[in-house]
Amino acid sequence: MTTFQAAPIPGEPPPPDSVRPRESTADAPTSVARLNDTIRGFVETWGSVWVEGEITSWNVRTGNVFGRMKDLATDATISFRIWSSTRQRLPADLAVGDHVVACVKADYFTKTGDFSFSVSSMRHVGLGDQLEKLERLRATLRTEGLFDPARKKPIPFLPHVIGLITGEKSDAEKDVRHNAEMRWPQVSFRMAYAAVQGDRCVPETIGALKALDADPAVDVIVIARGGGDPQHLLGFSDERLLRAVAAASTPVVSAIGHENDHPLLDDVADLRASTPTDAAKRIVPDVVEQRAAVAQLRSRLTMRLSQRVGHDIAQLEQLRSRPVLRSPESMIDARSQHLWLLAGRGRDTVERRLETQARRAAELRAALRTLSPASTLARGYAIAHLTDGVIVRDSAQAQPGAHVVVTVGRGSFAARSEGPVEEP
């Protein structure tokens, strides 16, 4: 505290710095500095105070936070500051609208007269122990593999029937159905209403999940809820619900809260959507986009087929333009002359061979005639043979009176042997 030592002057009012605020009068007022210093000294005696309220303002400047906290029942508010060194120790998800409890210390600035509170600790009301339990459960489920992407089931490209678990007549239901039907008007829904907060949330959600999972017509199940206080979303981090989702045979989509909300259901579900609207967009294809894609594919197919047919026609025309196909008779004409020459050469060869063989045959015929007995007979010789065909080579064979047939050059005649005749 500042020490004031102003010296009083006899017969004159005391200096304002020497007058305590409680002793001030109209004739002897205290100074602003003395008043502010007195207020600061009084405030410092409060020490740290735990206060509960709702965050209504949260402005970050160079790592520090300047905000306001509102009373839960009235309009009373206080200003608070969180230095960057303190902010590093606080939960990262603190935001406007959160119900919190904070440890604050009053701070009065004597220079400006501004009154504020410095925050040394802040947490969500009722979430301290819950957050610790959720972190332990998160570690257990991760160890068991429930967060493993390999176990997640694929979402069908075009689900014909969507099972929707949400609060009855809720904005989440309207968002999912409206956006899904806008994207694909023929899609249909099987509704299963359940409490989305409170004690009935978990058992009713599990019951709805089992009912839809048992329906063979349901292609995908969406669990949807709008945003809210983290305390209200704890049901979607309940271990019973998480294990039921992991055991479901139908793909499950988690669409809980807003982008910043992240219950454990998001990690166990087969697909996490940031909002119910996002869930509709991610599980239902846009019919306009699909028609455009089909038209594009059809156009590409037509173009490719046209290119292929045009290429084949060009190749065919190229083949047809070749001389051998443009006028095939020219090839025959060119070959006919060669064939005529070969045929002529063949005829000449055959004729020469025939003439040669004819001469050879004539020579052999002449030689044969020369060696033939007929030639000998033609020169005047004769052949005598008995009636039994034995040729007479010895005159002793022709006994007197024996019949002999004599063959000459031109015919034969019969004779009778008179026996051997002695040569002169």
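The residues His178, His124, sorted by heavy-atom accessible surface at 1.4 Å with ligands and nucleic acids left out, run His178, His124 from largest to smallest. The calculated FRET efficiency for the pair Gln397 and Arg369, based on their C-beta separation and a Förster distance of 22 Å, comes to about 0.15. Using the Cβ-Cβ distance between Thr143 and Ala247 with R0 set to 22 Å, the FRET efficiency from 1/(1 + (r/R0)^6) comes to roughly 0.80.
A full extension of the chain between Ser330 and Ala414 corresponds to an added length of 22.3 nm, given 0.36 nm per residue minus the alpha carbon distance.
Here's how it looks for Ala384: its modeled amide H is under 5 Å from those of Val392, Thr407, which are all 5 or more places away or on a different chain.
With all protein chains in place and ligands, DNA and RNA left out, the 1.4 Å accessible area ranks Val406, Val222 as Val406, Val222, largest first. Let me test this: with uniform point scatterers at the alpha carbons of the chain, what is the Debye-based log₁₀ I(q)/I(0) at q = 0.07, 0.10, 0.14 1/Å? Relative scattering, expressed as log10 I(q)/I(0), comes to -0.70, -0.93, -1.24. The heavy atoms of Leu386 offer some 40 square angstrom of accessible surface to a 1.4 angstrom probe.
Given 10 °C and 1.306 mPa s, compute D for the stretch 278-424 with the Stokes-Einstein relation, Rh being the Kirkwood radius over Cα pairs; round to the nearest whole µm²/s. After rounding, the answer is 60 µm²/s. Ordered by solvent-accessible area of protein heavy atoms (1.4 Å probe), largest first, the residues Met182, Met191, Met331 come out as Met182, Met331, Met191.
How about the stretch 335-424: which trypsin sites (Lys or Arg not before Pro) there are in a DSSP loop, with at most 11 other Cβ atoms within 10 Å of their Cβ? Counting only loop positions with at most 11 other Cβ atoms within 10 Å, the trypsin sites (Lys or Arg not before Pro) in the stretch 335-424 are Arg379, Arg393, Arg410. In the chain, a dipole from Cβ-located charges (positive for Lys and Arg, negative for Asp and Glu) runs towards its positive end, and of Val49, Leu342, Ala180 it is Leu342 whose Cα lies farthest in that direction. For the stretch 279-325, the alpha-carbon radius of gyration amounts to 2.13 times the rule-of-thumb value 2.2 N^0.38 Å expected for a compact globular protein. The rule of thumb for compact globular proteins, 2.2 N^0.38 Å, goes into the C-alpha radius of gyration of the stretch 330-405 2.44 times.
Backbone geometry of the stretch 306-321 corresponds, through the Karplus equation with coefficients 6.51, -1.76 and 1.60 at θ = phi - 60°, to 3J(HN,Hα) couplings of 4, 5, 5, 5, x, 5, 5, 4, 4, 5, 5, 5, 5, 5, 5, 7 Hz, x marking Gly and Pro. Sequence-ordered 3J(HN,Hα) estimates for the stretch 161-174 from the Karplus curve with 6.51, -1.76 and 1.60 and θ = phi - 60° stand at 10, 10, x, 10, 10, 6, x, 5, 6, 8, 5, 4, 4, 4 Hz, glycine and proline given as x. Within the listed set Leu234, Leu164, Leu339, the Gaussian network model of the chain (springs between alpha-carbon atoms below 10 Å) gives the highest mean-square fluctuation for Leu339.
In terms of Cα atoms, the Rg and Dmax of the stretch 236-324 work out to 26.3, 85 Å.
In the chain, excluding the sites themselves, the longest stretch lacking any of the chymotrypsin sites (Phe, Trp or Tyr not before Pro) that are in a DSSP loop with at most 14 other Cβ atoms within 10 Å is 158-380. Using only the C-alpha atoms, the convex hull of the stretch 180-230 corresponds to 90 Å³ per residue.
What FRET efficiency comes out for the pair Ser48/Val294, r = Cβ-Cβ distance, R0 = 60 Å, nearest 0.05? So, using R0 = 60 Å, E works out to roughly 0.35. Computed from Cα positions, the angle between helix 128-144 and the longest principal axis of the chain comes to roughly 10 degrees.
In order along the stretch 188-205, phi translates into HN-Hα couplings of 10, 10, 10, 8, 9, 7, 8, 5, 9, 6, x, 5, 7, 4, 5, x, 5, 5 Hz, rounded to whole numbers, per the Karplus curve 6.51 cos²θ - 1.76 cosθ + 1.60 with θ = phi - 60° and x for Gly and Pro. Straight Cα distances below 19 angstrom link Lys70 to the lysines Lys105, with same-chain residues fewer than 8 positions distant left out.
Largest first and in whole Å, the equivalent-ellipsoid semi-axes of the stretch 195-280 read 19, 15, 11, each the square root of five times a Cα gyration tensor eigenvalue. Relative to the compact-globule estimate of 2.2 N^0.38 Å, the Cα radius of gyration of the stretch 361-417 comes out at 1.36.
Helical runs assigned H by DSSP (4 residues or longer) give the chain a calculated mean residue ellipticity at 222 nm of -13000 deg cm²/dmol, each run adding -39500 (n - 2.57) before division by the residue total.
When restricted to Cα atoms, the stretch 71-175 yields an Rg and a Dmax of 22.0, 70 Å, respectively. Site-free segments of the chain were taken between GluC sites (Glu not before Pro) in DSSP loops having at most 14 other Cβ atoms within 10 Å, sites themselves excluded; the longest one is 1-167. With viscosity 0.890 mPa s and temperature 25 °C, the Kirkwood radius over alpha carbon pairs of the stretch 167-311 converts through Stokes-Einstein to a diffusion coefficient of 147 µm²/s. Relative to the longest principal axis of the C-alpha atoms of the chain, give the angle of the C-alpha long axis of helix 328-371, reported between 0 and 90° and rounded to the nearest 10°. Roughly 30 degrees, rounded to the nearest 10.
The values are calculated or read from the model by the stated rules, or taken from the named source; none is laboratory data. Quick caveat, the model's predicted, so the values are computed rather than measured. Glycine also receives a Cβ, built like all others from the backbone with ideal geometry; neighbour counts cover every protein chain displayed. For accessibility, only protein heavy atoms count, side chains too; no ligands or nucleic acids. Shrake-Rupley method; radii C 1.70, N 1.55, O 1.52, S 1.80 Å.
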